Structure formats: C-alpha cells, structure tokens
1. Give the residues of the stretch 54-78 that are more than 19 Å from Glu98 (Cβ to Cβ) and either of a type outside the set (A, V, I, L, M, F, W, C) or buried (at least 16 other Cβ atoms within 10 Å of the Cβ) (or both), sorted by residue number.
2. Looking only at the stretch 38-87, count every residue that is in a loop (DSSP other than H, G, I, E, B) and at negative phi and tell me the total.
3. Restrict the check to the stretch 51-58 and report whether at least one residue is modelled with pLDDT of 95 or more, touching a Leu at 6+ places or on another chain (Cβ under 9 Å) and more than 21 Å from Asp12 (Cβ to Cβ).
4. Of all residues in the stretch 76-99, how many are farther than 16 Å from Arg13 by Cα, touching a residue at least 40 places away in the same chain (Cβ under 8 Å) and among the small types (Gly, Ala, Ser)?
5. Applying the selection to the stretch 17-37, what residues are of a type in the set (A, V, I, L, M) and assigned to a helix (DSSP H, G or I)?
6. Answer yes if at least one residue in the stretch 34-42 is surrounded by 15 or more Cβ atoms within 10 Å (Cβ to Cβ), more than 16 Å from Tyr101 (Cα to Cα) and among the aliphatic types (A, V, I, L, M), and no otherwise.
7. For Val51, which of the numbered conditions (1) of a type in the set (A, V, I, L, M); (2) under 16 Å from Ser4 (Cβ atoms); (3) surrounded by 14 or more Cβ atoms within 10 Å (Cβ to Cβ) fails to hold?
8. Tell me yes or no: at least one residue of the stretch 89-106 is within 13 Å of the chain's Cα centre (by Cα), basic (Lys, Arg) and more than 18 Å from Thr6 (Cβ to Cβ).
Amino acid sequence: MTASITGRARTDRPGRYLKQLCSHVGEKLEVTFDASGGTIHFETAVSVLTVVDGSLEVSITGAEEMHVFRSMGIVAGHLEKFGAREGLGVQWDDAGLEAAYNAKRAEVAAQREREVAAERAGQNAAVDGSENAASSKV
C-alpha cells in the first residue's frame, strides 16, 4: 500500500528553513537540495520539499504508512523546532492521514512512557535490593 500526504509550512523565509532542515537531517539521512527545493529519503518514504513564495511545500510518499508517518514527524518536528520563535508548523492537507499519524504518535509516546517507567521501576528495585543486602551485613 502506498501512502502519501502533502502540506505546507507558511513562512516568509522558506529557503532558510529548507537549507536548515536538509543540512541537519542530511547528517543521518540521504538528502539532496538546492535553493529551490530538496529531497529527503527515509526508509521507503521520500519527502519532496519545494520553496514557493510564502511557504515551504512538503510532499511525502512511501510504500509503508509507518515510514510516511515517521517522515512527517522528521519534517514537521524539525521545522517546528527551528521555527519556534515564528510559530512555524506544517499544515497537512489530508485530515484522515494526519489523524492516523497523530493517533500513532500518541500510541508510540505512551509506549515509550511505559518503557521508561518500567526501566525506572527496575532500577529502583535494584537499588532497594542492594541497600537491603548491605544493611543485612551490618
């Protein structure tokens, strides 16, 4: 199944954000870009970024929905971080796919919270066990 979504980040400086995003993620992912646009490859997904007057246009297509979701997170998350002062964000054009992305994002975040809590509980149990062992030797 192929999934695809388009969106835009409205800004007076789309070229600046294109360059910053592509330079940053290019350290870990396959990226090509010039002043007018760029391409980011993540697994089976390809994000095509295009500089237009007043916005940075985004088109993401992938063979697997999860790779599209992850690419949405990479692009939108970094643009939000880089443009925090400006309130930059990506508005996606497909409400259904965006809702599925947001649901999956919440599911993954909840799973990560459970893992962190379990890890902390395990660390606390190990500390409590070593303290009890040390006090029984006295």
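1. Gly54
2. Summing the residues that are in a loop (DSSP other than H, G, I, E, B) and at negative phi in the stretch 38-87 gives 8.
3. For the stretch 51-58, residues modelled with pLDDT of 95 or more, touching a Leu at 6+ places or on another chain (Cβ under 9 Å) and more than 21 Å from Asp12 (Cβ to Cβ): absent.
4. Of the residues in that region, 0 qualify.
5. Scanning the stretch 17-37 gives Leu18, Leu21, Val25.
6. yes
7. Checking Val51 against (1) of a type in the set (A, V, I, L, M); (2) under 16 Å from Ser4 (Cβ atoms); (3) surrounded by 14 or more Cβ atoms within 10 Å (Cβ to Cβ), the one that fails is (2).
8. Within the stretch 89-106, one or more residues are within 13 Å of the chain's Cα centre (by Cα), basic (Lys, Arg) and more than 18 Å from Thr6 (Cβ to Cβ).
The values are calculated or read from the model by the stated rules, or taken from the named source; none is laboratory data. Treat the numbers as computed from the prediction; the structure is a model and nothing was measured. Cβ coordinates were reconstructed from backbone atoms using ideal geometry, including for glycine residues, and neighbour counts include every protein chain displayed. For accessibility, only protein heavy atoms count, side chains too; no ligands or nucleic acids. Shrake-Rupley method; radii C 1.70, N 1.55, O 1.52, S 1.80 Å.
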